[in-house]
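The values are calculated or read from the model by the stated rules, or taken from the named source; none is laboratory data. Just so it is clear, the model here is predicted, and its values are computed rather than measured. Cβ sites come from the backbone with ideal geometry, for glycine too, and all protein chains shown count toward neighbours. Surface areas here come from the heavy atoms of the whole protein model, side chains and all, with no ligands, DNA or RNA. Shrake-Rupley method; radii C 1.70, N 1.55, O 1.52, S 1.80 Å.
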Amino acid sequence: MKDKNFLMIPGPTPVPESVLLAMAKHPIGHRSSEFSKVLEEVYTNLKYVFQTENDVFMFASSGTGAMDAAISNLVNEGDDVLSLVLGNFGKRWAKIAAGYGANVDTIEVNAGEVINPEDVRKKLQEKNYKVVTLTHSETSTGAKNDVEAICKIIRETGAISVVDGVTSVTAMDVKPDEWGIDVLVSGSQKGFMIPPGLAFLTVNEKAWKVHEQCKHPSFYFSWDAHRKSVRENSTPYTAAVNLIFALQEALRMIKDEGLENIFARHERLALGLRHSLRAMGLELLVKEDKNASYSITSVLPPENISVPDIRSHLNKDFDIVVANGQNDLKDKIFRMGTLGFVSDRDLLTAVSSLETVLARLGYKFEVGIGTKTAIEWLNK
């Protein structure tokens with residue numbers, strides 16, 4: 001049905017109508033006092049969402065831009081960097097660091113697995129790493145690192161922890177100040193419930209001192225330029241005005257619901273989806289719930305049924321879009337998002353639609369068991 005698509009992917013995610021309407025307003029001057037008042041509210045609420053007392057910078061870019069901003073303001077050629085790799089986006093950290101001339105070592109696990117904090121402790125004893133990069137919620141697999149435990153270990157050394165919170169900030173609890181995360185990044189098209197185009201970064205004073213020794217920091221992603229602008233309720237360069245209108249409205253919605261309620265909603269929906277999929281006899285890439293992201297769930301298709309067929313029928317028959325796997329996981333898994341502007345109704349719709357598609361494709365299972373499981377879970 002035209003204009004009825006439901007995005008159940010790890011991003012972009014569904015956008016509330018009030019946010020779309022805010023974005024549709026006529027632009028205003030990005031150097032005007034009126035826009036400065038908008039920015040004052042947005043910067044304040046970003047601190048609330050990031051659960052930090054530190055400034056939160058905002059870039060007109062994708063989440064990868066914030067990743068680039070993190071590395072380019074810390075790393076000099078020849079620096080030693082350790083990247084903890086769960087999947088595609090953990091590898092991206094390593095590629096960015098190598099691009100700036102760093103010597104990059106990795107701890108890499110199989111798809112669906114998570115990093116053992118003790119392995120990090122042992123690796124950090126081998127070398128004085130300047131930066132350790134890691135992912136909280138790995139978008140490509142749906143695995144969730146124990147960031148709190150890992151950052152505690154990193155904090156025992158002189159290394160700077162740099163965390164990808166692209167699909168965790170606003171969806172899962174992440175406390176940079178309390179957990180000792182030195183740099184944390186995220187992106188707009190995930191739990192922030194607005195379209196792609198904005199990215200965010202917060203940095204503490206420990207990382208700032210390391211930044212001061214950076215020989216060739218980025219110009220566009222300059223921490224110095226952005227900190228100055230944040231404190232003046234401005235932006236260093238031309239702002240994405242209408243995306244910031246959208247963000248202003250989305251942050252108001254987030255504050256109204258409350259972070260604890262949002263985290264609980266994401267956990268309830270993700271675990272409800274996982275229980276329902278298991279009830280249908282489907283295998284999940286991340287085996288244990290304790291290691292599972294609350295933003296994205298990766299599912300293996302039944303034997304003799306292809307991922308492209310599942311995705312095609314969900315889209316064609318029910319206007320539901322789920323994601324394919326990436327790189328080596330392409331056509332081996334499909335990924336279902338429970339991220340951002342998603343509710344109980346959406347979970348029930350997705351599970352019952354998937355059951356219908358699998359039955360049409362010839363999968364033999366107890367039709368209705370997934371929906372029944374979801375209803376029972378949501379009614380607990």
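Brief remarks follow.
- Shape summary of the stretch 58-141, radius of gyration then Dmax from alpha carbon positions: 12.7, 38 Å.
- Using the alpha carbons alone, the radius of gyration of the stretch 270-380 stands to its Kirkwood radius in an Rg to Rh ratio of 0.92.
- Kirkwood Rh in Å, taken over the stretch 245-332 so that all alpha-carbon pairs contribute: 15.2
- For the chain, the extents of the C-alpha atoms along the principal axes are 61, 54, 34 Å, listed from largest to smallest.
- 5 angstrom amide H check on Ile320, placed H, neighbours 5+ away: Phe6, Asn315
- Rh (Kirkwood; distinct C-alpha pairs) - the stretch 1-147, Å: 18.3
- Rel. contact order, % - alpha carbon contacts under 8 angstrom, at least six apart, the chain: 23
- Helical runs assigned H by DSSP (4 residues or longer) give the chain a calculated mean residue ellipticity at 222 nm of -13000 deg cm²/dmol, each run adding -39500 (n - 2.57) before division by the residue total.
- Rounded FRET efficiency, nearest 0.05, which uses the C-beta distance separating Arg227 from Glu288 and R0 of 51 Å: 0.80
- Estimated D of the stretch 1-86 in µm² per second, where Rh is the Kirkwood radius over Cα pairs and Stokes-Einstein applies at 37 °C, 0.692 mPa s: 193
- Estimated Rh, the stretch 142-198: Kirkwood, alpha-carbon pairs, angstrom: 12.1
- Considering only Gly29, Gly370, Gly112, the Gaussian network model of the chain with Cα springs below 10 Å gives its largest mean-square fluctuation to Gly29.
- At an R0 of 22 angstrom, the distance between the Cβ atoms of Lys209 and Lys127 translates into a FRET efficiency of 0.60.
- Computed from backbone phi with θ = phi - 60° and the Karplus coefficients 6.51, -1.76 and 1.60, the 3J(HN,Hα) list for the stretch 188-194 is 6, 8, 10, x, 6, 6, 10 Hz; x is used for glycine and proline.
- Translational diffusion coefficient (Stokes-Einstein; Kirkwood radius from C-alpha pairs) of the stretch 176-295 at 20 °C, 1.002 mPa s, in µm²/s: 122
- For the stretch 314-371, the convex hull spanned by the alpha carbon atoms encloses 97 Å³ per residue.
- Of Thr141, Thr13, Thr238, the one that fluctuates the most in a GNM where the chain has Cα springs shorter than 10 Å: Thr238
- Glu148-Glu376 FRET efficiency (beta carbon distance; Förster radius 22 Å; 0.05 resolution): 0.10
- Selected from Asn291, Asn110, Asn88 as most flexible by GNM, with the chain as the system and alpha-carbon contacts under 10 Å: Asn110
- Cα centroid separation - the stretch 212-270 against the stretch 25-73, whole Å: 4
- Loop-located GluC sites (Glu not before Pro) across the stretch 274-377 with a Cβ neighbour count of 13 or fewer within 10 Å are Glu288, Glu303, Glu366, with loop assigned by DSSP.
- Applying the criteria of a DSSP loop state and at most 13 other Cβ atoms within 10 Å to the trypsin sites (Lys or Arg not before Pro) of the stretch 268-325 yields Lys287.
- Accessible-area order (highest first, 1.4 angstrom probe) of the listed residues Glu249, Glu260, Glu113: Glu260, Glu113, Glu249
- On a per residue basis, the stretch 216-271 carries 46 Å² of accessible surface, using protein heavy atoms and a 1.4 Å probe.
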